[in-house]
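Read through the structure below, which is laid out as C-alpha cells, and then see the notes.
The values are calculated or read from the model by the stated rules, or taken from the named source; none is laboratory data. Just so you know, these numbers come straight off a predicted model, no measurement behind them. Because the Cβ atoms are built from the backbone with ideal geometry, glycine has one as well, and the counts that use them run over all protein chains shown. Please note that ligands, DNA and RNA were not included when accessible areas were found on the heavy atoms of the full protein model with its side chains. Shrake-Rupley method; radii C 1.70, N 1.55, O 1.52, S 1.80 Å.
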Amino acid sequence: MAPEEALRYAKKEIMAAEPVVDDTDLYAPLFKNVSQFKTSYELMERILKVYIYQDGRRPIFHTPPLSGIYASEGWFMKLLKESRRFVAADAAKAHLFYLPYSSQHLRISLYVPDSHKLRPLATYLMDFIKGLAAKYPFWNRTRGADHFLVACHDWGAYTTTAHGDLRRNSIKALCNADSSEGIFTPGKDVSLPEKTIRTPRRPLREVLDWSAFAVVVAEKDIPDLKKVLQGISLRKYVTMHGCVKRLQRHFLWHARPLRYDLFHIILHSIWLSRVNQVELHE
C-alpha cells in the first residue's frame, strides 16, 4: 500500500481493535486503552517506515551525545539508524521523516555564553528546513506534518520557533513538554523521558526500587520519608511495587531494543500521532 493508504488502514484497524484479554506482555491498567495500544503497536511493527535525512553538518546533525542527562535524543537516533525494521531507504515509501539533529550540539555549537539569545539556534534549524524543502518534495506535501524531531535539551522546544510550520505541524518529541508556552501541543507532540545515561555501551537502567526504598526508611531515622509510607498497608505496598515493576520495562533503554521498551514506546507515540492526523473518507 502507498503510505497514506497504509495509514488510513492502520487508523481503521486501531478504531476497531479486538478486546485484549489476559495479555501477559501488557499490564492493562497502565494504558488508556490496552486493546487499541496493542493493535497500534503491532501495526507499527508491520507497517512503519521512517526516512532519515542524510543532510546536515556534523556534529549538530547525526552525532548526538550518548551519555549525560540529555542522552535520550542520542540513543533514540542511534537505535533508529541501526533499525532494519523501521528505516526506509526509499523516501517514497516512508510514513514519517526524521530530522536527525542534536539540540545539545546545537546549543554547544551556536549559543554565545551569557547572551541569553536562543534565536541563532532557531534560525539555524529554520535554514536547514528551508534547505530540505528546496531540495526534496517531501516537506512541502504536508507542510511538515509527517516530519518529526527528538530533542531532549531544555531549549529543544525553542529551536523550532523560527519556522512556523515546524513549530505548528511537525511532531516534536521533547523532554521540555511544557504546553503553557505554546510550543508543545498535547495530543500531537510526544513527551520524551529525561534519563541520565552514563555510558554509551550500557545505558543506565534507573527505576525506583520500592523494596530498597522501604529498607532505607526502616533502617534510618528519616521522619519525612516515614510519613510518606505511614498508613500504607502491606497489601497496598505490594500492589504499588508490582505496578512499578510492570511499568519500568517501558522506561528502559537497551543497546539492542526489546519489544515495548523505551525506544519502541517513543517511536510508537510518534507513529500514533501521525496515524491520528489521517482523515478517513466516507
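Before moving on, here are some points about what is shown:
- With 0.36 nm allotted per residue and the present C-alpha distance subtracted, the T63-Y9 stretch has 15.9 nm of extension available.
- Applying the criteria of a DSSP loop state and at most 12 other Cβ atoms within 10 Å to the trypsin sites (Lys or Arg not before Pro) of the stretch 94-188 yields K117.
- Helix-only CD estimate at 222 nm, as mean residue ellipticity for the chain, using -39500 (n - 2.57) per DSSP H run (n ≥ 4): -13000 deg cm²/dmol
- Dipole of the chain [Lys/Arg +1, Asp/Glu -1 at C-beta], most positive-end residue of A92, I14, W271: A92
- Taking amide H as placed 1.01 Å from N in the peptide plane, the amide H of Y53 sits under 5 Å from that of Y98, each at least 5 places away or on another chain.
- Potential lengthening of the chain between D23 and K93 amounts to 22.0 nm, from the contour at 0.36 nm per residue minus the alpha-carbon distance.
- For the chain, the longest principal axis of the alpha carbon atoms and the long axis of helix 34-47 meet at an angle near 40°.
- For a straight C-alpha distance cut-off of 17 angstrom, no lysines are reachable from K117 once same-chain residues fewer than eight places away are disregarded.
- Inter-label distance for N276 and R84, nm, one decimal - labels placed 7 Å from Cα along Cα-to-Cβ: 3.3
- Distances between placed amide hydrogens fall under 5 Å for H147 paired with F97, I171, all partners being 5 or more residues away or on another chain.
- At a probe radius of 1.4 angstrom, the accessible area of the chain per residue rounds to 53 square angstrom.
- Expressed in Å, the radius of gyration and Dmax of the Cα atoms of the chain are 20.7, 66.
- Across K12/K38; K32/K188; K78/K135; K32/K78, pairs whose alpha-carbon gap is larger than 23 Å: K78/K135; K32/K78
- On a per residue basis, the convex hull of the C-alpha atoms belonging to the stretch 1-144 measures out at 164 Å³.
- Accessible area per residue (1.4 Å probe, heavy atoms of protein chains only) ranks T142, T160 as T142, T160, with the largest value leading.
- Measuring nothing but alpha carbons in the stretch 89-148 and taking Rh as the Kirkwood radius, the Rg to Rh ratio lands at 1.07.
- T239 accessible area, 1.4 Å probe, all protein chains in place, Å² to nearest 10: 80
- Here the simple spin-label model places points 7 Å from the Cα toward Cβ, and for R256 and S115 these points are separated by 4.5 nm.
- Multiplying the residue separation of K32 and T142 by 0.36 nm and removing their Cα-Cα distance gives an extension gain of 36.7 nm.
- Measuring r between the beta carbons of D154 and D127 and using R0 = 22 Å, the FRET efficiency lands at 0.50.
- For the chain, averaging the sequence separation of C-alpha pairs within contact (under 8 Å, six or more residues apart) and dividing by the residue count gives a relative contact order of 19 percent.
- In percent, rounded to a whole number, the relative contact order of the stretch 1-129 is 26, using alpha-carbon pairs under 8 Å and six or more apart.
- Converting phi to 3J(HN,Hα) with the Karplus coefficients 6.51, -1.76 and 1.60 and the offset θ = phi - 60°, the stretch 178-183 yields 7, 6, 5, 8, x, 10 Hz in sequence order, with x at every glycine or proline.
- q = 0.15 Å⁻¹: log10 I(q)/I(0) that the Debye formula gives for the stretch 13-53, counting C-alpha atoms only: -0.41
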